[in-house]
Amino acid sequence: MPASANREAQLRAILHQLPASPGVYLMKEAGGRVLYVGKADLLRNRVRSYFGTARPVDVRIRRMIDEVADIDYIVTDTISEAFLLEGNLIKEHRPRFNIRLRDDKSYPFVKITLGEDFPRIVRTRKLMRDGSRYFGPYASASSVDETLKLLRKIFPFRTCNLEIPEGRRVLERPCLLYYIHRCQAPCIQAIGKVDYRAAIDRVVDFLDGKQEGIAAELRTEMLASSDSLHFEAAALARDKLRAVERTIEQQKVAAYSRAEHDVIGMARSENEACLQVLVIRNGKMIGREHFMVEGARDADDAEVLGSFLQQYYAATQTLPRAVLVPIAPAESTALARFLGERRGGPVTISVPQRGEKRRLVALAAQNAVEALAKERAEWMADAGKRDDALEELARALGLPRPPERIECYDMSNIQGTSAVGSMVVFINGRPEPREYRRFRIRSGETPDDFRMMAEVLRRRFARAARLRSETGALSLAEVGADEVQEDERRPDDRGPDDREPEDPMSVGAGEGAPDATLQSDGMRETGWALPDLVIVDGGKGQLSAAMGVMRELDLRDVPLAGLAKRFEELHLPGRAAPVVLPRTSQGLYLVQRIRDEAHRFAITYHRTVRGRRALHSVFDEVPGIGPARKRALLKRFGSVRRLREASVEEVAETPGVNRDLAERLKSHLAREGMLA
């Protein structure tokens, strides 16, 4: 019996045995590796739905089903238990088809050991049922340390691991922290249990966002000490009061809302997503953390958000009454029930449409965008990671040395129209925007990615091939720049209409941005040097097109690789099996960054070309509108969208445009239904 028939028979038997109970299922490949972990109210219905006659819409799930060879399942008593178990199994197995938090380890918390006579406040990554109170999770240990530093300044507490029972002195002398007012020294009975507990209660209130009461107490204490001429104690209370007031001032972002809720914002970029959590308590933002999620390439926003909320709230003990989100997450009803059981009371998940709550969601989204950009920039700036990535890439691809110059190519078009190509350049693992190039496809209007890729590479390397054959040199500067073509002009040579708008979210804005201008022929020489590695965005087809061009130009020694989107595999010439870099490797991370930048640069240019084409076609097809009237209309309205929204009277107010022409133009826009 063929292997495929055996697989189908085994899966059919498993599907027949599935119980009608809540639980978790694990999809496995032939080698036993877990591909996907999921949960269900009814295991039978959910798992069978993957293998029904109607194929799943989600591309990622369809790919996963094609690889499934076995299915395991674990029955739970409730769907909430299934939520928790699913999160733990995702953390344990890190399945490549699941959306998951990036870090392998648990996130840190602030822990207050309320089960002890004299509680400690420490950082921990383990949640235990030991009577302690936990606050978090925080995105990093440094975030927890900053919180502990502030707490220690305002509320002295012990940090030692001594066992200190009530009514017993365990040390002869206190440590240095007592003398610098950072600990109240219960170890020498300098403070009793009741007073120490009162100070810890203040800490709990502070972390819960109830700082106003603490500020009032400190103000009273300061004035009382001053009136009794205890000026040192008054100064100490004053410093604590100032620290609390600064904290209150920083948290006033939600001063008009007294509700208790978490606000979620999201930003995405290819395979990653950044989720920002704003923690609002008593009208103040008492916490702000961002978390990176991976495995999100083919998932929609609702699924990414739902998966994050599940994993995030499965790891925390303090849940809000309400969660404000930008869109409704996947399985929102079951998720709200899970959160309610975790909290011990109802939790609502809502998408605010207006007012203060909507503003908070927008603020969280803005923070997520900035955090994602910062993550990317920090990785690019880390020289150690870049070196590791380049060395790993060289080993995996069989290169003689780490590639210094990497070029990546991508195409962008809609059914072959407004087709463009992009070339981005990374030098020593960092983007070099001044050396980016973009190409208008000239070889036809039919959609053919392979032909387009071949055209772009041929135009890029033709002069380099001629240079090598004629002089043996490897740079354009040695033969001069007498054949500069349209797409290869310096930005300084372009008119204002040819420039590409700056993209503030990119690592570099590309050749059209002011700071990307080539300043000298020396830079131009570097810009057209032969690369140490060429990556084409696509699989074997794009790679074959690139190989054909390199053979044609006699540049066979330029290393080539094709990056397939499906599983982030690298296809190499002459090798049947692709190179699969480890999912957590720096080499894969660098390749993804390069590919994402090439995609961004191509998409940005494609939108510019498409918009320019639509704009010209609108005016050119209306009799009576020549260059002068076209300029006047553009000056007055700025875009076709605004022109389409304007009334006939407003259009007729444009210099040189009478009412008859305005009516004809509006009729044409309405007929074509075009938007800029």
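Of note:
- Mean Cβ count within 10 Å, highest first, over the residues of peptides 216-229, 361-374: 361-374, 216-229
- Projected label distance in nm at Thr78 and Ser469, using a 7 Å step from Cα toward the beta-carbon: 7.6
- Shown here for region 115-160: trypsin sites (Lys or Arg not before Pro) in loop regions (DSSP other than H, G, I, E, B) with at most 11 other Cβ atoms within 10 Å, namely Lys126, Arg129.
- In order along region 352-365, the phi-based Karplus estimate (6.51 cos²θ - 1.76 cosθ + 1.60, θ = phi - 60°) of 3J(HN,Hα) comes to x, 9, 7, x, 4, 5, 4, 5, 5, 4, 5, 5, 5, 5 Hz; Gly and Pro are listed as x.
- Remark: for residue pairs Lys111/Lys284; Lys149/Lys385; Lys374/Lys540, the C-alpha separation exceeds 25 Å in Lys149/Lys385; Lys374/Lys540.
- Relative contact order (percent, whole number), region 6-161, Cα cutoff 8 Å, 6+ residue spacing: 20
- Sorted largest first by accessible area at a 1.4 angstrom probe radius, with every protein chain in place, the residues Tyr179, Tyr138, Tyr25 fall in the order Tyr179, Tyr138, Tyr25.
- Peptides 541-548, 308-315 ranked from most to least packed by the mean count of surrounding Cβ atoms within 10 Å: 308-315, 541-548.
- Glu67-Arg395 FRET efficiency (beta carbon distance; Förster radius 41 Å; 0.05 resolution): 0.95
- For Asp41, distant residues with modelled amide H under 5 Å away: none
- Leu171-Glu649 pseudo-label distance in nm [points 7 Å out on the Cα-to-Cβ vector]: 8.3
- Using a probe of 1.4 angstrom and keeping all protein chains present, the accessible surface of region 627-671 works out to 62 square angstrom per residue.
- Net charge in the neighbourhood of Lys193 (other residues with Cβ under 12 Å of its Cβ; Lys, Arg +1, Asp, Glu -1) is -2.
- Rough spin-label spacing in nm, given labels placed 7 Å along Cα→Cβ, for Leu223 and Ala198: 1.8
- 1.4 Å probe accessible area per residue over region 26-159, in Å²: 46
- Each peptide among 351-359, 201-209, 339-347, 434-442 gets the average number of other Cβ atoms lying within 10 Å of its residues, and from highest to lowest they stand as 434-442, 201-209, 339-347, 351-359.
- What the Cβ-Cβ distance of Gln17 and Val622 gives, at R0 = 56 Å and to the nearest 0.05, is a FRET efficiency of 0.25.
- Taking Cβ atoms as reference points and 9 Å as the exclusive limit, the residues near Arg182 contribute a net charge of +2, counting Lys and Arg as +1 and Asp and Glu as -1.
- Lysines with Cα under 23 Å of Lys630, excluding same-chain neighbours fewer than 8 positions away: Lys666
- Zone residues, region 300-344, relative to Thr584, backbone N less than 19 Å from point 7 Å out along Cα-to-Cβ: 311-312
- In percent, rounded to a whole number, the relative contact order of region 325-436 is 16, using alpha-carbon pairs under 8 Å and six or more apart.
- Rounded FRET efficiency, nearest 0.05, which uses the C-beta distance separating Gln189 from Arg359 and R0 of 56 Å: 0.60
- D_trans [Stokes-Einstein, Kirkwood Rh over alpha-carbon pairs] for region 555-594, 37 °C, 0.692 mPa s, µm² s⁻¹: 299
The values are calculated or read from the model by the stated rules, or taken from the named source; none is laboratory data. A quick note: this is a predicted structure, and the numbers were derived from the prediction, not measured. Neighbour counts run over all protein chains shown; Cβ positions are idealised from the backbone, glycine included. Accessible surface is based on the protein model in full, side chains and every heavy atom, while ligands, DNA and RNA are left aside. Shrake-Rupley method; radii C 1.70, N 1.55, O 1.52, S 1.80 Å.
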